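Asker: First the structure, then my questions, so here it is.
The values are calculated or read from the model by the stated rules, or taken from the named source; none is laboratory data. Computed from a predicted structure; not experimentally measured. Neighbour counts are summed over all protein chains in view; Cβ atoms, including those assigned to glycine, are modelled from backbone coordinates with ideal geometry. The area values use the complete protein model at the heavy-atom level, side chains included, leaving out ligands, DNA and RNA. Shrake-Rupley method; radii C 1.70, N 1.55, O 1.52, S 1.80 Å.
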Amino acid sequence: MKFVNGFLNLLYPNVCGGCNSVIESPKIIICASCFASFPKSYEFLDKGNKIAQLFWGKIPLEHAFTSFKYVKGSSLQNLIYDLKYRGNTEVGRVLGVEIGKEIKDSNLRIDVVIPVPLHPKKQKMRGYNQSWFIAQGVQNVLACELNDTSLLRILFTETQTKKSRLERYDNVEHKFSIINPELLEGKHILLVDDVITTGATMVECCSILNKIPDVKISVAAIAAG
Ligand SMILES: [Zn+2]
């Protein structure tokens, strides 16, 4: 068996998704030098960091941060591309662990982690929601709950399809709803996504979550665009 594995490894070596260098252990998917090269981003507890500032005046948040900065052409960009478009969901889990570690170090208690939902059509095409895997990585570190059933992205409706293409896009991209809100009452929610650019999607999600009694909301992502 060892011989077969060795042979398969020669044919299909285990390579790092960030830089394509060969990795000895099949359990590792991102090499150490890639990890070391990721530009560190903002601190979870720093309420005035640049990510938190994106939400000022829009939605009240406890904390907002990303683990890394997003640099074009970097190995981190390759990895996020793999996660979103090439089915390399393990990348989400591994980088979700990094988010989880930062929060654990802050000693702040998160009760439930929620992945930003994809539009159902998009999820059907892709076969998975990349944010769910990130949320799972976070959950593994924080030992909190993972809720992927309460926050939903709303489907097309008849009236929406009559609108212009641009309006429709707007409707599809930015409408969310909540079911069983009582499951989230009084909890500190961490909403997670892959990349935060303008924060618009997060704001839409949070404004709905914020209607639930006594919730506290924080947001996190792998990287800031
Ligand atoms: Zn690498």
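Asker: For n ≥ 4 DSSP H runs only, could you compute -39500 (n - 2.57) per run for the chain, divide by its residues and tell me the 222 nm figure to the nearest 500? Numbers along the way, then the final one.
Answerer: Details: 10 runs with 93 residues, N = 225.
Helix contribution divided over all residues of the chain: -12000 deg cm²/dmol.
Asker: For a label point 7 Å from the Cα of Cys19 along Cα→C-beta, name the residues of the range 41-84 whose backbone N is under 14 Å from it.
Answerer: So the set is 74-79.
Asker: Using a 1.4 angstrom probe, figure out how much accessible area the chain has per residue, in square angstrom, rounded to the nearest whole.
Answerer: So the chain comes to 54 Å² accessible per residue, rounded to a whole number.
Asker: Taking just the C-alpha trace of the range 23-157, give me its Rg and Dmax in Å.
Answerer: Final numbers for Rg and Dmax: 15.7, 51 Å.
Asker: Between Lys101 and Leu152, how high is the FRET efficiency from 1/(1 + (r/R0)^6) when r is the Cβ-Cβ distance and R₀ = 25 Å? Nearest 0.05.
Answerer: 0.30
Asker: Using the Kirkwood formula over every pair of different C-alpha atoms, what hydrodynamic radius in Å results for the chain?
Answerer: So the Kirkwood estimate lands at 18.6 Å.
Asker: Is the shape of the range 16-60 best called rounded, prolate or oblate, per the rule: a/c under 1.5 gives rounded, else a/b larger than b/c gives prolate, else oblate, with a ≥ b ≥ c the square roots of the Cα gyration tensor eigenvalues?
Answerer: Values: a/c = 3.94, a/b = 3.55, b/c = 1.11.
Cα axes put the range 16-60 in the prolate bin.
Asker: Keeping the other protein chains in place, figure out the carbon and sulfur percent of the accessible area of the range 4-146, with a 1.4 Å probe.
Answerer: 54 percent
Asker: Same structure, new question: Of Glu182, Glu24, Glu62, which has the most accessible area with a 1.4 Å probe, and how do the rest follow in descending order?
Answerer: The residues order as Glu24, Glu182, Glu62, largest area first.
Asker: Order Ser177, Ser67 by their accessible area, 1.4 angstrom probe, all chains in place, largest first. Write out the running numbers ahead of the final one.
Answerer: Details: Ser177 40, Ser67 10 Å².
Final ranking, largest accessible area leading: Ser177, Ser67.
Asker: Which net charge results for the neighbourhood of Asp82, defined as the other residues with beta-carbon distances under 12 angstrom from its beta-carbon, given Lys and Arg at +1 and Asp and Glu at -1? Intermediate results must be reported in sequence, preceding the final value.
Answerer: On the way: positive: Lys84, Arg86; negative: Glu90, Asp194.
Charge balance near Asp82 sits at 0.
Asker: Please identify the DSSP H helices in the chain that span no less than 18 Å along the helix axis (Cα) and have a mean Kyte-Doolittle hydropathy of 0.0 or more. Display every interim value, and only then the final one.
Answerer: Working: long enough: 89-105 (25 Å, -0.16); 130-142 (19 Å, 0.40).
Both cut-offs are met by 130-142.
Asker: Determine how large the accessible area of His188 is when every protein chain is in place; take a 1.4 Å probe and give Å² rounded to the nearest 10.
Answerer: That residue has around 10 Å² of solvent-accessible surface.
Asker: Among Phe68, Phe35, what's the order by accessible area (1.4 angstrom probe), most exposed first? Show your work: numbers first, answer last.
Answerer: Numbers: Phe68 5, Phe35 60 Å².
Heavy-atom accessible area, descending, gives Phe35, Phe68.
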